[in-house]
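Participant: First the structure, then my questions, so here it is.
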Amino acid sequence: MKYREILEQYWGYSDFRGIQREIIDSIGSGRDTLGLMPTGGGKSITFQVPALAGEGLCIVITPLIALMKDQVANLRSRGIKAAAIYSGMKNADVIKALENCIFGDYKFLYVSPERLSSELFLTKIKRVKVQFITIDEAHCISQWGHDFRPAYRRVGELRTLFPGAPILALTATATPEVVKDIQQQLGFKEENCFSMSFERKNLVYVVRNTENKAKELLHILGKVQGSAIVYTQNRQKTKEVCEFLISQGITAEFYHAGLAPEVKDEREEAWKNDKARVMVSTNAFGMGIDKPDVRLVVHIDLPSSIEAYFQEAGRAGRDGNLAYAVALFGHADKQIVARRLSDNYPPQEFIREIYDEVCYYYSMALGDGLNCTFEFSLTDFCKKYHRPMHQTDSALRLLTRMGYLEYVDEMEYASRVRFIVDKDALYRFRGLPADYEQLVNSLLRNYSGLFTDYVFIDERYLSRITGLSRHRMYEIFVSLRSKGLIAYAPSKKCPVITFTRHRVLGDDLRFEREVYDERKAMFGERLNAMIHYATDDSTCRSTALLAYFGEKRADGCGRCDVCLSKRETEPEAHASEREALLSLLSDGAYHALAELDTLALPRETMTMLLRELCDEEIITIEGEKIKKL
């Protein structure tokens, strides 16, 4: 079956967008391939279509469990067999998923990178016919990437198991240095990268200097209508900003990683369905969120890198219509952002002390601990040892990169259900409301073993097939438990620490240069680049962002605060240039765009003039022709 026919059959699209087809042809021909596609570029199509066209399974490695579950549910809803293996699953459920991939003609297996080190996974996956391997968020494999994760380095083990399976690496943000490193780390047989332009012509980037961010935020929301996201750097602030907006008559919700899954779903749905205009969130919100009509993204706090800012700002205007990305910057922000260097890379002596204290926390003797796993409370630990939470969290992440332990700050344990009455008693139980019956029947149709043991369930999938919200399903499960029909353990998230080496003394920890010194320096450079972006009032915002990712442009966007400021400071020159252009078009006839070269205007100036006059509906441009209206 042809690629385009698959696209139309399963997704209803008549043709591919951007560089989707080039990537599909490349991986389909067996070549290792890297695809750089900004947020909203349609990355999933580039591996789902060729996988359906070929024989065998596509392994998809992604760190985003919520996105993993959502894509699996989406594929199943289209009649495509897909499974996922992630943190919190029991061995029996992992085995079942892998057996389905071996014998059940499954097309996709989504796996978190941490699972790649599991002996059970590696033993079973050998028996699967693997077509190719997809690595999402591929910048995580590069130590120069802004979100480096050591677990991604285990992808090499899959290359050893399946030497004939090509790799498709996908990412939305990568500098030229990271692009090169990704291909080296994954052992590409040849450099082979396809890249979309990072330019978003419909997205206007703005930096607002203000000492009253709340007032400025209200002003912006008043000027720009439509759905909005407001990003903050901490959880408490999401709630505070949300309450402030509500007090001003603006419908809003707040969102962060610490919320219960059903609460997240409820708030996400309220925002997606326009019941709440604004979502105030940490960076936990946005990945996999497909809302094309976001008109505004505001950063109350600057992120720690251009990569993060570009990705988050890019969630605006995915429908191609005009949208705005605004960063608010105050006098104290430069110091606040710079302070993140010491917060994220605390002194080595501090890290040694944290390691020793974690060992004391679990009464771990010298030479013991290898592969021991414990639930971990950061709050309790910091209270017991009088440690600052942010720096302690950073120290644990650095110890993970150093290989002494593995710290997972939010291990997700899926909900579990077991029927505590037999089938006959269940069917004799009458009078349940229709939505109760619907949920019970869906459980019985989609899960086996419910009458003999606890079974992990996927609420996202059940919500999709029943049409019930996660919150409503939770209410039904609690009610069924109170009626004595089921045993129910809701999903939970809990931090986990695993000792990946035998315990040593903190004084004996080895700080490899590439893990600490080099990454600290790189993090500092990213912070400086973010500060420079916010404080540079001479370079077009879009031009500055494109340059960071190695893409050049000769002119400005004509719409950002820098371009508009330049226009205002040169009013006389601008007026004469505008007059000259309109004079050339004064006959009202169509002119070739090439005729504008006779005005001898700089390209940046010409671009701004044309955009300005088009916006004012004074001129129209059709193909290579232009005329005055």
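The values are calculated or read from the model by the stated rules, or taken from the named source; none is laboratory data. Small disclaimer: the values here were computed from a predicted structure and weren't measured. Ideal geometry is used to build each Cβ from the backbone, glycine not excepted, and the neighbour counts take in all protein chains shown. Accessible surface is based on the protein model in full, side chains and every heavy atom, while ligands, DNA and RNA are left aside. Shrake-Rupley method; radii C 1.70, N 1.55, O 1.52, S 1.80 Å.
Participant: For segment 70-139, give me every one of the strands (runs of 3 or more DSSP E) that falls completely inside it and has 3 or more residues that are within 23 Å of S415 (Cβ to Cβ) and free of Cβ contacts under 8 Å to residues at least 60 places away in the same chain.
Facilitator: Details: elements: 82-85, 108-111, 130-135.
Those strands (runs of 3 or more DSSP E) span 82-85, 108-111.
Participant: Continuing with the same structure: State the number of residues belonging to segment 444-488 that are under 17 Å from E262 (Cβ atoms), modelled with pLDDT of 85 or more and of a type outside the set (V, I, T).
Facilitator: Here the count works out to 14.
Participant: Which is at pLDDT 85 or above and either of a type in the set (K, R) or within 20 Å of the chain's Cα centre (by Cα) (or both), of L186, L161, L168? Talk me through it step by step, then tell me what you get.
Facilitator: On the way: L186 fails: either of a type in the set (K, R) or within 20 Å of the chain's Cα centre (by Cα) (or both); L161 fails: either of a type in the set (K, R) or within 20 Å of the chain's Cα centre (by Cα) (or both).
After ruling out the rest, the residue left standing is L168.
Participant: Can you tell me which residue is farthest from T171 (Cα to Cα) among those in segment 1-29 that are touching a strand residue (DSSP E or B) at 6+ places or on another chain (Cβ under 8 Å) and open to solvent by 10 Å² or more (accessible area, probe 1.4 Å)?
Facilitator: First pass over segment 1-29, keeping only residues touching a strand residue (DSSP E or B) at 6+ places or on another chain (Cβ under 8 Å): 19, 22-23, 26-27.
Subsequent filtering for residues that are open to solvent by 10 Å² or more (accessible area, probe 1.4 Å) retains 19, 22.
Numbers: I19: 13, E22: 16 Å.
Filtering segment 1-29 for residues that are touching a strand residue (DSSP E or B) at 6+ places or on another chain (Cβ under 8 Å) and open to solvent by 10 Å² or more (accessible area, probe 1.4 Å), the one farthest from T171 (Cα to Cα) comes out as E22.
Participant: From the set of residues in segment 600-629 that are over 20 Å from C557 (Cα atoms) and outside any loop (DSSP other than H, G, I, E, B), which is most open to solvent (accessible area, probe 1.4 Å)? Spell out the reasoning first.
Facilitator: Residues of segment 600-629 over 20 Å from C557 (Cα atoms): 625, 627-629.
Pick out the ones that are also outside any loop (DSSP other than H, G, I, E, B) and you get 625, 627-628.
Working: K625: 115, K627: 52, K628: 71 Å².
In this case the residue turns out to be K625.
Participant: Kindly indicate whether any position in segment 146-160 is out of contact with any helix residue (DSSP H, G or I) (no Cβ under 7 Å at 6 or more places or on another chain), closer than 19 Å to L186 by Cα and not charged (D, E, K, R). Talk me through it step by step, then tell me what you get.
Facilitator: Step one: list which residues in segment 146-160 are out of contact with any helix residue (DSSP H, G or I) (no Cβ under 7 Å at 6 or more places or on another chain), which gives 156, 159-160.
With the extra rule that they be closer than 19 Å to L186 by Cα, the set shrinks to 156, 159-160.
Still in the running and not charged (D, E, K, R): 156, 160.
Yes, there is a match, as at least one residue in segment 146-160 is out of contact with any helix residue (DSSP H, G or I) (no Cβ under 7 Å at 6 or more places or on another chain), closer than 19 Å to L186 by Cα and not charged (D, E, K, R).
Participant: If L259 satisfies every condition in (1) under 27 Å from L378 (Cβ atoms); (2) open to solvent by 40 Å² or more (accessible area, probe 1.4 Å); (3) hydrophobic (A, V, I, L, M, F, W, C) but one, which is the exception?
Facilitator: Every listed condition holds for L259 apart from (2).
Participant: Hey, another quick one. Output the number of the condition that S586 fails; it satisfies all remaining conditions of (1) more than 22 Å from H331 (Cα to Cα); (2) open to solvent by less than 70 Å² (accessible area, probe 1.4 Å).
Facilitator: (2)
Participant: While we're on this one: Could we say that V326 is in a strand (DSSP E or B) and at pLDDT 95 or above here? Before the answer, list the steps.
Facilitator: Values: in a strand (DSSP E or B): yes; at pLDDT 95 or above: yes.
For V326, the condition - in a strand (DSSP E or B) and at pLDDT 95 or above - is met.
Participant: Every residue in segment 151-197 that is among the β-branched types (V, I, T) and either open to solvent by less than 10 Å² (accessible area, probe 1.4 Å) or closer than 30 Å to G314 by Cα (or both), please.
Facilitator: First, pick out the residues of segment 151-197 that are among the β-branched types (V, I, T): 155, 160, 167, 171, 173, 175, 178-179, 182.
Result: V155, I167, T171, T173, T175, V178, V179, I182.
Let's see how each residue does on (1) open to solvent by 20 Å² or more (accessible area, probe 1.4 Å); (2) among the polar types (S, T, N, Q):
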{"site": "S281", "(1), (2)": "no, yes"}
{"site": "D293", "(1), (2)": "yes, no"}
{"site": "D319", "(1), (2)": "yes, no"}
{"site": "G330", "(1), (2)": "no, no"}
{"site": "Q335", "(1), (2)": "yes, yes"}
{"site": "E349", "(1), (2)": "yes, no"}
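Participant: Additional query: Checking S538 against (1) open to solvent by less than 70 Å² (accessible area, probe 1.4 Å); (2) part of a helix (DSSP H, G or I): exactly one of these is not met. Which one?
Facilitator: Condition not satisfied by S538: (2).
Participant: If you check D380, D343, D290, D368, which single one turns out to be out of contact with any Phe, Trp or Tyr (no Cβ under 7 Å at 6 or more places or on another chain), under 30 Å from R17 (Cα atoms) and of a type outside the set (S, T, N, Q)? So that I can check it myself, show each step before the final result.
Facilitator: On the way: D380 fails: under 30 Å from R17 (Cα atoms); D343 fails: under 30 Å from R17 (Cα atoms); D368 fails: under 30 Å from R17 (Cα atoms).
Only one candidate passes the filter, namely D290.
Participant: When the residues of segment 460-475 are filtered to those that are hydroxyl-bearing (S, T, Y) and touching a residue at least 40 places away in the same chain (Cβ under 8 Å), which remaining residue is nearest to Y488 (Cα to Cα)? Explain how you work it out, then say what you get.
Facilitator: So the first thing to find is which residues in segment 460-475 are hydroxyl-bearing (S, T, Y), and the list is 461, 463, 466, 469, 474.
Cutting the leftovers down to touching a residue at least 40 places away in the same chain (Cβ under 8 Å) gives us 461, 463, 469, 474.
Details: Y461: 17, S463: 17, S469: 17, Y474: 10 Å.
Here the residue is Y474.
Yes or no, residue by residue, for (1) open to solvent by 30 Å² or more (accessible area, probe 1.4 Å); (2) under 30 Å from L450 (Cβ atoms); (3) in a helix (DSSP H, G or I):
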| site | (1), (2), (3) |
| --- | --- |
| S363 | yes, no, no |
| G367 | yes, no, no |
| C382 | no, no, yes |
| L398 | no, no, yes |
| V408 | yes, yes, no |
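Participant: Quick one: in segment 227-266, of everything that is part of a helix (DSSP H, G or I) and within 18 Å of the chain's Cα centre (by Cα), which residue is modelled with the highest pLDDT? Lay out the reasoning, then the answer.
Facilitator: Taking segment 227-266 and keeping what is part of a helix (DSSP H, G or I), we get 235-247, 261-266.
Of the ones still in play, those that are also within 18 Å of the chain's Cα centre (by Cα) are 235, 261, 264-265.
Numbers: R235: 90, P261: 73, K264: 85, D265: 81.
This residue is R235.
Participant: Ok, one more. I'd like to verify a number: residues in segment 283-315 that are among the small types (G, A, S), under 16 Å from R526 (Cα atoms) and over 11 Å from the mean Cα position of the chain (by Cα), how many?
Facilitator: Of segment 283-315, the ones among the small types (G, A, S) are 284, 286, 288, 304-305, 308, 313-314.
Next, from what is left, pick out any that are under 16 Å from R526 (Cα atoms): 304-305, 308.
Still in the list and also over 11 Å from the mean Cα position of the chain (by Cα): 304-305.
Total meeting the criteria: 2.
Participant: Right, next: Contact list please: Cβ distance under 9 Å, first residue in segment 284-304 and farther than 22 Å from V337 by Cβ, second residue open to solvent by less than 20 Å² (accessible area, probe 1.4 Å) and of a type in the set (S, T, Y), pairs at least six apart or on different chains.
Facilitator: Within 9 Å, the pairs are K291/S227; D293/S227; V294/S227; R295/S227; L296/S227.
Participant: So, one more: Tally up the residues in segment 545-555 that are open to solvent by 30 Å² or more (accessible area, probe 1.4 Å) and either among the hydroxyl-bearing types (S, T, Y) or in contact with a Cys (Cβ under 9 Å, 6 or more places away or on another chain) (or both), please.
Facilitator: First pass over segment 545-555, keeping only residues open to solvent by 30 Å² or more (accessible area, probe 1.4 Å): 547-548, 550-554.
Subset that is either among the hydroxyl-bearing types (S, T, Y) or in contact with a Cys (Cβ under 9 Å, 6 or more places away or on another chain) (or both): 548, 553.
Final tally of qualifying residues: 2.
Participant: Hey, could you check segment 49-69 for residues that are open to solvent by 10 Å² or more (accessible area, probe 1.4 Å) and outside any loop (DSSP other than H, G, I, E, B) and say which is modelled with the lowest pLDDT?
Facilitator: Let us first name the residues in segment 49-69 that are open to solvent by 10 Å² or more (accessible area, probe 1.4 Å), namely 52-56, 63-67, 69.
Now narrow it down to the ones that are outside any loop (DSSP other than H, G, I, E, B): 52-53, 65-67, 69.
Working: L52: 95, A53: 94, I65: 73, A66: 69, L67: 77, K69: 80.
Here the answer is A66.
Participant: Just one of (1) aliphatic (A, V, I, L, M); (2) within 24 Å of R315 (Cβ to Cβ); (3) part of a helix (DSSP H, G or I) trips up L34, so point out which.
Facilitator: Single failed check for L34: (3).
Participant: If you don't mind, there's one more thing I want to ask. Can you give me the number of residues within segment 470-508 that are part of a loop (DSSP other than H, G, I, E, B), closer than 22 Å to K264 by Cβ and open to solvent by 60 Å² or more (accessible area, probe 1.4 Å)?
Facilitator: Restricting attention to segment 470-508, the residues satisfying the condition of being part of a loop (DSSP other than H, G, I, E, B) are 483-485, 490-491, 500-505.
Okay, now just the ones that are also closer than 22 Å to K264 by Cβ, so 490-491.
Remaining after also requiring open to solvent by 60 Å² or more (accessible area, probe 1.4 Å): none.
The total comes to 0.
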